[in-house]
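Peer 1: Dropping the structure in here first, questions after.
The values are calculated or read from the model by the stated rules, or taken from the named source; none is laboratory data. Since we're looking at a predicted model, the values are computed, not measured. Every residue, glycine among them, receives a Cβ derived from its backbone with ideal geometry; neighbour counts consider all protein chains shown. Just so you know, the surface numbers come from the protein's heavy atoms only, side chains and all, with ligands and any DNA or RNA stripped out. Shrake-Rupley method; radii C 1.70, N 1.55, O 1.52, S 1.80 Å.
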Amino acid sequence: MSLIEKEESAVGEDGYRRIRTDIIFGRLAPSHKLKLEALRETYAVSVSTLREVLSRLAAEGFVRAEGKRGFEVAAVSADNLRELAGLRLLLESHAMAVSFANADVEWEGRIVSAHHKLASTERLMDSGIGEPEQWKRYDGEFHQALISNCGSHLLMETHSLVFDKYFRYQMVAFHYRGAEPAAQHRALLECALKRDAETAKQVLSSHVNNCVAHALANSSLR
């Protein structure tokens, strides 16, 4: 690969990450038309590279390709949220059980460290001074740490994608819910240290389903 090709690849990857992040955090709203010229000015990426980026995001489900009409941000709906919640529970519950069975000291260290960062961020969010992107990062890192001994990179990658699509609803349909999720994260940590996969599954189910119920009760999702 030539130097120019490497530079174009780096610019494309940066544009992909920025647009993806802006979709997840609602800065690019659901069903928003993605006009290439406007995106080119905002993200400083060529139109040809943007087409590649948007096609990649469409394959992941964050963008919808409309043929000759171009691209738009994927819509949100109550049914899609329920579907993502169910898929997340299916993947994460199974991966947790395997990960708990394979537990070792290094895994415990990852979980404790991830929870410490998440708990600190949750305290900031609860005080109204936290940064949503930091919260999302550490929330995701904690749940990934819980399943990190499952032995399957594909499972972890799939879970990460589903988690990001699910987390998008926290930004566009509802927001930080306060003490309950933090307490559930602490309970998941305790279950992990005790190798109690069955209780962890129950906590996770409440954690996810309560978020869905909150979203449906406090948003215009239909």
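Peer 1: Over the chain, give the accessible area per residue in Å² for a 1.4 Å probe, as an integer. Can you show the working numbers first?
Peer 2: Working: 11420 Å² over 222 residues.
Here the per-residue accessible area is 51 Å².
Peer 1: Do the sum for the chain: with -39,500 (n - 2.57) for every DSSP H run of n ≥ 4, divided by all residues, what is the mean residue ellipticity at 222 nm, to the nearest 500 deg cm²/dmol?
Peer 2: -24500 deg cm²/dmol
Peer 1: How far is helix 179-194 tilted, in degrees, relative to the longest principal axis of the Cα atoms in the chain, given as a value from 0 to 90 rounded to the nearest 10?
Peer 2: The two axes meet at around 60 degrees.
Peer 1: Under 17 Å between alpha carbons, and skipping anything fewer than 8 positions from residue 117 in its own chain: which lysines qualify?
Peer 2: 136
Peer 1: Let me ask something else about it. Determine the dipole magnitude for the chain: charges of +1 sit on the beta-carbon of Lys and Arg, -1 on that of Asp and Glu, nothing else is charged, the reference point is the Cα centre, and the result goes in debye to the nearest 20.
Peer 2: Charge dipole of the chain: 620 debye, to the nearest 20.
Peer 1: Using Cα Rg over 2.2 N^0.38 Å as the read-out, say which of [x] 1.09; [y] 1.38; [z] 0.97 was calculated from these coordinates.
Peer 2: After the calculation, the listed value that fits is [x].
Peer 1: Continuing with this model, one more query. In the neighborhood of residue 57, defined by Cβ-to-Cβ distances under 13 Å, what is the net charge if each Lys or Arg adds +1 and each Asp or Glu adds -1?
Peer 2: For residues surrounding residue 57, the net value is +2.
Peer 1: What net charge is computed for the residues neighbouring residue 108, neighbours being all others with C-beta under 14 Å from the C-beta of residue 108, Lys and Arg scored +1, Asp and Glu -1?
Peer 2: -1
Peer 1: Find how many whole Å separate the alpha carbon centroid of the stretch 107-164 from the alpha carbon centroid of the stretch 50-88.
Peer 2: That distance is 23 Å.
Peer 1: Could you identify which residue out of 145, 95, 78 has the top mean-square fluctuation in a GNM of the chain using Cα springs shorter than 10 Å?
Peer 2: Maximum among the listed residues: 78.
Peer 1: Moving to a separate point now. In whole Hz, what ³J(HN,Hα) sequence does the stretch 104-114 give by Karplus (6.51, -1.76, 1.60; θ = phi - 60°), x for Gly and Pro?
Peer 2: Per-residue couplings from phi come out as 8, 5, 4, 4, 4, x, 5, 5, 4, 5, 5 Hz.
Peer 1: Sticking with this one: Considering only 36, 124, 154, give the residue with the highest GNM mean-square fluctuation for the chain, with springs between Cα atoms whenever their separation is below 10 Å.
Peer 2: Between 36, 124, 154, it is 154 that shows the largest mean-square fluctuation.
Peer 1: With an 8 Å Cα cut-off and a minimum separation of 6 or more residues, compute the relative contact order for the chain in percent.
Peer 2: Rounded, it is 23 percent for the chain.
Peer 1: Quick check on the stretch 105-162: take the gyration tensor over C-alpha atoms, sort the square-rooted eigenvalues as a ≥ b ≥ c, and tell me if it's rounded (a/c under 1.5), prolate or oblate.
Peer 2: Judged from the Cα gyration tensor, the stretch 105-162 comes out oblate (a/c at least 1.5, b/c at or above a/b).
Peer 1: As I understand it, the dipole of the chain uses +1 on the Cβ of Lys and Arg and -1 on the Cβ of Asp and Glu, about the Cα centre. Which of 125, 149, 170 lies farthest toward its positive end?
Peer 2: Of the options given, the answer is 170.
Peer 1: Between 0 and 90 degrees, rounded to the nearest ten: what's the tilt of helix 153-172 against the longest Cα principal axis of the chain?
Peer 2: Helix 153-172 and the main axis of the chain meet at about 80 degrees.
Peer 1: Taking the Cβ of residue 210 as the centre, find all other residues whose Cβ is under 11 Å away and add up their charges (Lys, Arg: +1; Asp, Glu: -1).
Peer 2: Values: positive: 177; negative: 180.
Cβ neighbours under 11 Å give a net charge of 0.
Peer 1: Classify the stretch 133-195 as rounded, prolate or oblate from the Cα gyration tensor: take a ≥ b ≥ c as the square roots of its eigenvalues, call it rounded if a/c is under 1.5, otherwise prolate when a/b beats b/c and oblate if not.
Peer 2: oblate
Peer 1: Also: Cα axis of helix 47-60 to longest principal axis of the chain: angle in degrees, 0 to 90, nearest 10?
Peer 2: With rounding to tens, the tilt is 30 degrees.
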